[in-house]
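No value in this document is a laboratory result; all are computed from the given coordinates. Treat the numbers as computed from the prediction; the structure is a model and nothing was measured. Every residue, glycine among them, receives a Cβ derived from its backbone with ideal geometry; neighbour counts consider all protein chains shown.
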Amino acid sequence: MDDMIAPDTPGRRARKRAQTLDLLAQAAMSLFEAQGYDAVTMEQIAAEADVAKGTLYNHFPTKESVLAHWIHTQLAADLAHLQPEAERLASFRPAISLLLDASAAWCEAHRAYLSPYLRFRFLSLQAAPPPEEAAQASDMIDVFGLLIALGQRSGELPALGRTAGRSRRGASGVAVPSPLPRRADALADLAGAHAARGVRGGGDAVRGGQRRPPARASCKEPQDTMNIIVATYGTEGDARPLAALCRALMDAGHQARLLADGATLGTARVLGVPATALAGDIKGVLQPQLAISGVVARNRRFTSTASALARIANANAEAWLREIVAAGEGCDAIIVSGLAAFVGLSAAEHLGVKAIGTGLIPITPTADFASPFLPLARTPGWLNRASHHFVNGMLWRAFRKQTNAARAAVCGLPPRRQLWTRHPMLYGVSPSLLPRPADWPGNARVCGQWIVPSTDWSAPRPLADFLAAGEPPMYFGFGSMAGFDRAKLLAAVITACAGRRALFYPGWSGVGTAGLPANIHVVGDTPHDWLFPRTSLVVHHGGSGTAHSAARAGVPSVVVPFAGDQFFWADRLRLAGVAAGAVNAKQLQASAFERAIAFARSAEARSRARELGARMAGEDGLADAVSAIEAMLLDEGAMETMPA
């Protein structure tokens, strides 16, 4: 259909640009066909086309615009035979039938790309597009112009009167007002898409033999402001980064609300983030006197830890789902994390909104490393990828029964048999500590640490005086860990200090601090990004947040992991050269502390820590995450909560 409007003879620059657009679109389509549209990123398209990312963005601002260019070009080529066939017909009715039949067949053949394309076209509607954009409109409008002319000649359609404003004239001689090309073009595409949907008898989405109800209709106009619900359940280390993400979304002009355990919402309140407490008492559950605390803290077996965590989530699954659904009414997306992830994904499915997974632990399968929940030394490298599938499957089996019961009771949703895998995953971890594995799918992104700003924070006078009184102290803190031998831990800390200056943070451990020697100063909740750069080294449990904050501060670590992914992060710090091997938490011995401290105090460890901290300081994980979320919500294909 390229000949339906006689174009001016293009110059060399125009021909070169057109060739570049086509090459970029073809590179993108090869990736879409191989990996699926949702999984492909703009970075991958640039790499496939062998161009710089800046070059790609100069021609196409979004992945959707690349797809639109390919569809326009391919549609023109595939339906070029319509013009002579339509011209042979004497009236409008058989001509429009010809067009819709051909459109239906084309759309059916390219069904996978209709949803993101149509959303892109309708979000791009505007009263008067710039000339350069109007020129890129699909040739379908000219086919409709031809049909209108046929209808006018046959008397089936009335002649058009004079139109206000400027107009463009197609090969059919029909004047089309210039403000209409995008709207008419999108409507033409929509007609073809609906015809294609009718080929399979109905518009309900079907996947894997199960009919899925259509997403709820929305009366919202496309707009820049988004309303986002963030749901998690875990310790303070789980909630704090998500409070920072909510604040970053709010600073970007969006609405955000954090749902988490009430004991972990302190950071949200300080940052002015709207928050709702979910049912449960994570701090109480993790107190040393309770059995579940002992399982998590003392037993390194994955199955025992998974069962202990599942007991927390399963006891609250129905209440959490009700609370998330209630908070999510009218939202644009639900961000899920931690123990609330499965019910959060179910809430998004029920509400018909986008689900975005987040985490501080890399659970996306890869051959680069084993699942962070398994003992490092016991997993051979060739089983790395399989270990992720095993762990993720075990977790789902531990949560599945109560999750499905909650889905039925709260939302009337059918039971889910398989784990969610198609939603995007954003990791608030540093690429300097965990480079993105090359074999990860396109829906997994390493953003950088999500760190809470503390520019307005000032130290209590006793802490400020202690820091000013001598050389930078060591820091000892174990966050939300509990259930271990507190007396033995405290004795090991005192001995390891050997009279040197130190800060001690009891956290949730319940450790009594009465009678500590004068060289050890007890601190309360203190922003890590303020405190850690003022220390000589950080002794911690290896939680993702603390491990990142110590590395970002440019100081070495001594890691005493207790459970879960803490052994993984201890090893990442060891591989970075800023920590010795992990100290055995089951056999807390002063000698092991002393060896690890000696390594951390070495000139080599301090130098590597400074270099690592400088690299991490250049990362902006929150800005990266906000940009990714904004881009995702423009992608209709990713808007669905789809079964695996």
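In this model, which of LYS283/LYS488; LYS16/LYS354; LYS283/LYS401; LYS63/LYS401 are farther than 30 Å apart at the alpha-carbon?
Those over the limit are LYS16/LYS354; LYS63/LYS401.
Between LYS586 and ARG601, with labels modelled 7 Å along Cα→Cβ, what's the label distance in nm to one decimal, could you check?
3.0 nm
What is the sum of charges around ALA598, taking Lys and Arg as +1, Asp and Glu as -1, for the other residues whose C-beta is under 14 Å from the C-beta of ALA598?
Cβ neighbours under 14 Å give a net charge of +2.
Which whole-number value in Å³ per residue fits the convex hull of the alpha carbons of region 461-618?
104 Å³
At a Förster distance of 35 Å, what's the computed FRET efficiency of ALA614 paired with ASP368, Cβ-Cβ distance as r, to 0.05?
For ALA614 and ASP368, the calculated efficiency is 0.90.
How far apart, in nm, are the 7 Å Cα→Cβ label points at LEU575 and SER458?
According to this spin-label approximation, the distance is 4.3 nm.
Could you list LYS488, LYS283 in order of exposure, starting from the residue whose Cβ has the fewest other Cβ atoms within 10 Å?
LYS488, LYS283
If you average the sequence gap of Cα pairs under 8 Å that are 6 or more apart and divide by the length of region 310-423, what percent do you get for the contact order?
The value is 27 percent.
Find out how many positive minus negative residues lie around THR403, taking Lys and Arg as positive, Asp and Glu as negative, among other residues whose Cβ is under 12 Å from that of THR403.
Within the 12 Å Cβ shell, the charges total +4.
Pop a pseudo-label 7 angstrom from the Cα along the beta-carbon direction at both ASP101 and TRP530 and give the gap in nm to one decimal.
Reported label-point gap for ASP101 and TRP530 is 7.5 nm.
Quick one: work out the % antiparallel among DSSP beta bridges in region 461-618, nearest 5.
0 percent
Please compute the contact order of region 555-625 in relative form: average sequence separation of alpha-carbon pairs under 8 Å and at least six residues apart, divided by the residue count, as a percent.
34 percent
With unit charges on the beta carbons (Lys and Arg positive, Asp and Glu negative) and the dipole taken about the Cα centre of region 461-618, which residue among PRO561, GLY543, ALA605 sits farthest to the positive side?
ALA605
At a threshold of 8 angstrom on Cα-Cα distance, excluding pairs fewer than six apart, so keeping six or more, what relative contact order does region 461-618 reach in percent?
21 percent
What number comes out for the charge environment of ALA464, summing +1 per Lys or Arg and -1 per Asp or Glu over other residues with Cβ under 15 Å away?
So the environment of ALA464 carries a net charge of +2.
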